[in-house]
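Below you'll find the structure, written out as structure tokens, and then a few comments.
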Amino acid sequence: MPATAHTEPVALSDQLERWLTREGEKTLGTLVHTFGDKSFAILLVLLLGVPALPLPTGGVTHVFELIAGLVAVELIAGRHEVWLPQRWRALELAGPRQQRFIAGLMRLIRRLERYSRPRMRFLFHKRFTDILFGLLAIAGTVGAFLAPPFSGLDTLPALGVVVLSLGVLLEDALVALVAILLATAGIALELALGAAALHGISSIL
């Protein structure tokens, strides 16, 4: 009896690249339709990748953070498919103006894939860990949203959510732990600088 051919799983970066380079729309709605239950984490990667990467955002950062917050809430609520208002479903994720962002994000994903491997896979895709994932994603998203404009302080919390989402997709507990540390450091830095600013203002007054 002939041996069954072993097929290697398709890397996340290759799946995303196929979707990004194929014909047709590249909207939030088509992404959800294509990736199914994986779209929760993939959406968080793409949406929070905007403030996480040091690139011009065209003023859409807060819009993407609001959508990311809704996705995280749905994850906590136990939904199996992402629901988005029709207006948001039509939001374009890839196009001529997003090329630099997409290229930078793909480099980050491929770099992480090179060093990542499944670690403690039993922790992932459970109800409890989905809730924890959603709560951590909300914390990082709020941290990025509340960062002062043009301060760069939104980078670490947003990057934490991006790396955490990739850790979930890659089923790598070590990557997820690094992500939590990144987000925590970013939020702590925001709070410390905010407290210093308030102290400085109060001392002047």
Computed over the chain: longest principal axis from alpha-carbon atoms vs helix 39-52 long axis, angle to nearest 10 degrees, is 40
With label points set 7 Å from each Cα along the Cα-to-Cβ direction at E17 and E92, the distance between them in nm comes to 2.4
Against the longest alpha carbon principal axis of the chain, how many degrees, from 0 to 90 and to the nearest 10, is the axis of helix 12-21 turned?
90
Using amide H atoms built 1.01 Å from N in the peptide plane, name the residues 5+ places from D172, or on other chains, whose amide H lies under 5 Å from its own.
R119
Computed lengthening from V63 to H33, 0.36 nm per intervening residue step minus Cα-Cα distance
8.7 nm
Where does helix 155-170 land angle-wise versus the long Cα axis of the chain, in degrees 0 to 90, nearest 10?
20
Once normalised by the length of the chain, the mean sequence separation of its alpha carbon contacts under 8 Å that are 6 or more apart gives a contact order in percent of 25
Cβ neighbours within 10 Å, averaged per peptide: list 79-92, 32-45 in order, most packed at the top.
32-45, 79-92
Distance in nm between label sites at L181 and Q99, each 7 Å beyond Cα in the beta-carbon direction?
3.7
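What length, rounded to one decimal in nm, is gained on full extension from H125 through to V142, with 0.36 nm per residue of separation minus their alpha-carbon distance? Kindly include the intermediate steps, with their values, before the conclusion.
Numbers: separation 17, 0.36 × 17 = 6.12 nm, distance 2.36 nm.
Difference between extended and current length: 3.8 nm.
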Want the number for A192 to R114: 0.36 nm per residue separation, take away the alpha-carbon distance, what's left?
24.6 nm
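Laboratory data are not the source of any read-out in this text; all were calculated from the coordinates shown. A quick note: this is a predicted structure, and the numbers were derived from the prediction, not measured. Note: ideal-geometry Cβ built from the backbone for every residue, glycine included; neighbour counts use all protein chains shown.
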